[in-house]
Structure formats: structure tokens, C-alpha cells
Amino acid sequence: MGVKKGTNNFKSFQQKRIQAKLDAIEEFINYLPKRMKFDRFEDLLAECAEHIGCSRTTITRQESYIAKLNDEFQKRNSYLSSDSAKHFSTNQLERLIEAKDAEIVSLKGNLKRTSADLKDANAKITYYKSDDYKQSGFVCNQPEVSDQIAEKKQKNNFKKEFEYTAHAFNLLLQYLEEQRFGIGLRNENDSSKVILADDGLGGIPKKISDSKYLTYFLKYLNKLGAKYGSK
């Protein structure tokens, strides 16, 4: 079975990779001792990257990875999630800022990629609306494809009509031979040329049709494995 039209296989592949990385980060978090603290978010990030075997950049450029680690960082440093920032020490504020900076870097990366995709999409839309695209042949050639299909269908109809006519003509010749009317396909003057002739009165056959008009009919007979007008 083929792939359903409109299916984005690459997007599905990306989602599976992201989920696999999230599962690996979750496994890393479960691996850590429950009471283990990290003075800096950067330390947690480095520990995670080493554990799952990837670079820190791989983690920081994906918002969902950063969000998961940041949530864990704040759980292990509960004072960072307090709304009373005025009670934070300078070191505590620096740690909170560091974690938020990592989120911002990830968001900026996503925004940059989204902007690039949007720019590319707008460029394609502009091109598809332009006269250059309309004159490039991609649009103009579409009717030609339809014409080719129609022409092929017409040829098939002609072939079928010819075969029906040829079959009826062959049956007529067989009937004439069986009734001894003396009309049928003959070799002209004992040559290899085949003509339609009347030799009912004996002697020299009277030509009814020249060989050139029988060319395609004879090909039809050869296709059937027949010889002249016989079965």
C-alpha cells in the first residue's frame, strides 16, 4: 500500500527523534540521586549531555528539552521557583537567570528556524503567482498531459474498431470460400503479393483489391496465426 497523499514522513520522523531524546532525558533524571543539587543550571545541562551522549547544543536548541531540564533544576532548587525575588541572594538570582537564559537561547533558535521557513514559504508563494512560473511550462504542460491521455484513449478506440472490422471481413471471406464463390485472398501471378480477387469463372483471377490496401488486414491475420482467410 502506498503512502497516503499529503503525509509528511519527515515531520513524523522528527517527532519520533524528539520523543526519543525526551525519554533519554527522563531516564537521566530518574538516574540522579533525589537529594542531588546543582549550583548552576549549566552543570545539570552538562551532566545530562554526557549521560545521554550528545552535545549541549543539541539540548539547548530544542525548547522541550530545556523545559524538562529547567523544571527538574527548579525542583532540586525549590527556592528558585519562589515569586519573592527580593528574598533571593545574588547567587540564587544568577542561577535563575542562567536557567532562563538557556530557555531564551532555545526559543531564539526556534524563532530563527521558523522565520527562515516562513521566508522560504513566502518566496515560493510569490514565485508560484509570478508570470515566470506560469510561463515555465509547469502550468502550461498540464493540459498537454490530458491531451496525451485523450490521444492514447482515442488510439485504443481506433485499434479496437479496426480489429472488429477486420474480424467481420475475415468471417466474410471464410464464408465466401466455404460457399465456393471463388472470391478470396490470392497470390498475384504466383508472386508473394497477396490480393483480393475473384476467380469464380476460372482462368486468370480478377483483381478486386490491390495488395497495398490489404497490408494491415494481413498483419491482423498474422497476429491471429491465420493464413489468408482461413481459420
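Structure values in brief
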read-out: Residue satisfying condition, being farther than 30 Å from K219 by Cβ, among the hydrophobic types (A, V, I, L, M, F, W, C), at pLDDT 80 or above and over 27 Å from the mean Cα position of the chain (by Cα), within set L111, L172; value: L111
read-out: Lone qualifier among T165, T215 - being modelled with pLDDT of 85 or more and open to solvent by 70 Å² or more (accessible area, probe 1.4 Å); value: T165
read-out: Among (1) closer than 20 Å to N110 by Cα; (2) open to solvent by 50 Å² or more (accessible area, probe 1.4 Å), the one test that P33 misses; value: (1)
read-out: Options D43, D83, D39, D132: the member that is part of a helix (DSSP H, G or I), modelled with pLDDT under 85 and open to solvent by 40 Å² or more (accessible area, probe 1.4 Å); value: D132
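The values are calculated or read from the model by the stated rules, or taken from the named source; none is laboratory data. Since the model is a prediction, treat every value here as computed from it, not as a measurement. Because the Cβ atoms are built from the backbone with ideal geometry, glycine has one as well, and the counts that use them run over all protein chains shown. Just so you know, the surface numbers come from the protein's heavy atoms only, side chains and all, with ligands and any DNA or RNA stripped out. Shrake-Rupley method; radii C 1.70, N 1.55, O 1.52, S 1.80 Å.
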